[in-house]
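Below is one structure, written out as structure tokens; comments come after it.
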Amino acid sequence: MVQQGTSILVIDNKNGRNEQFLPLFNAMNKEGYGKLLENRYYIINSGMNVRQNSKETVTFALIQQQAIIRGFNYVMYYL
């Protein structure tokens, strides 16, 4: 029997681009989705998605979609 391990896609905060997601991450964390740890990184299941009604949520959804396509279980965003 083959057991699949957990895989995490890491999204670096190149030029501070992930900071645009901080309000979204704070809101999702308060609702119990994902984990925001020490405001340094946010980790969430790759299957989690949001209603796409802004530039930030569309970008987040595209990253999440790519994680699923590439076979990652979780996505970790550095802040």
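Any read-out appearing in this document is the output of simple, stated calculations on the displayed coordinates, not a laboratory observation. The model shown is predicted, which means the values in this text are computed figures rather than measured ones. Note that we place each Cβ from the backbone using ideal geometry, even for glycine, and neighbour counts take in every protein chain shown.
Some notes on this structure:
Yes/no matrix, rows are residues, columns are (1) assigned to a helix (DSSP H, G or I); (2) surrounded by 15 or more Cβ atoms within 10 Å (Cβ to Cβ); (3) touching a residue at least 40 places away in the same chain (Cβ under 8 Å):
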residue	(1), (2), (3)
19	yes, no, yes
22	yes, yes, yes
29	yes, yes, no
32	no, no, no
53	no, no, no
56	yes, yes, no
77	no, yes, yes
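- Scope the stretch 1-57; condition of a type in the set (A, V, I, L, M, F, W, C) and over 22 Å from residue 70 (Cβ atoms); matching residues: 1, 22, 27, 36, 37
- Residue list for the stretch 36-46, restricted to those being in a loop (DSSP other than H, G, I, E, B) and under 18 Å from residue 8 (Cα atoms): 40, 46
One line per residue, one yes/no per condition, for (1) in a loop (DSSP other than H, G, I, E, B); (2) without any contact (Cβ under 8 Å) to a residue 24 or more places away in the chain; (3) surrounded by fewer than 12 Cβ atoms within 10 Å (Cβ to Cβ):
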{"residue": "15", "(1), (2), (3)": "no, yes, yes"}
{"residue": "25", "(1), (2), (3)": "no, no, no"}
{"residue": "48", "(1), (2), (3)": "yes, yes, no"}
{"residue": "71", "(1), (2), (3)": "yes, no, yes"}
